[in-house]
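Below you'll find the structure, written out as structure tokens, and then a few comments.
No lab work stands behind these numbers, since they all come straight from the coordinates. Values in this document were obtained by computation on a predicted structure and should not be read as measured data. Virtual Cβ from ideal backbone geometry, glycine too; neighbours counted across all protein chains shown.
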């Protein structure tokens, strides 16, 4: 996984009790998801109960960090808070089958494509936290 990049204007994540493990792992440079201890399903976004088997026990599962762009957009108006230029907002499907909304950085808008292979990295936020972001995966 790639090193953290500096983006001091990026807003801090909104913490929830169920998602705290996800954001803590991001600060450590790890990309994880929630795994149900009952049925083994991977879950994102995190939640307190598995929607498949109703189990309350959850664990943390490391993810590969590699994925594919399923959709993307650049919000122009109103401007995205915390970004100097419009970010590329993406829906990424990771190899494990989960989907995440994030940003792709280091790619010009004219080079963005649905189906583009990406890998995870991390960007520092205003308050010193970290958020998963994605870069083009030139090896994938």
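With each run of n ≥ 4 DSSP H residues scored as -39500 (n - 2.57), what mean residue ellipticity at 222 nm is computed for the chain after dividing by its residue count and rounding to the nearest 500 deg cm²/dmol?
-1500 deg cm²/dmol
Once you keep just the Cα pairs under 8 angstrom separated by 6 or more residues, what percentage relative contact order results for the chain?
Across the chain, relative contact order equals 31 percent.
Would you mind putting 31-41, 81-91 in packing order, based on average other-beta-carbon counts within 10 Å, highest first?
Ranking the peptides 31-41, 81-91 by packing returns 31-41, 81-91.
Rounded to two decimal places and with Rh computed the Kirkwood way over Cα pairs, what is Rg over Rh for the range 39-140?
Rounded to two decimals, Rg over Rh is 1.02.
Sort 134, 100, 122 by Cβ crowding within 10 Å, fewest neighbours at the top.
By the 10 Å Cβ count, ascending, the order reads 100, 122, 134.
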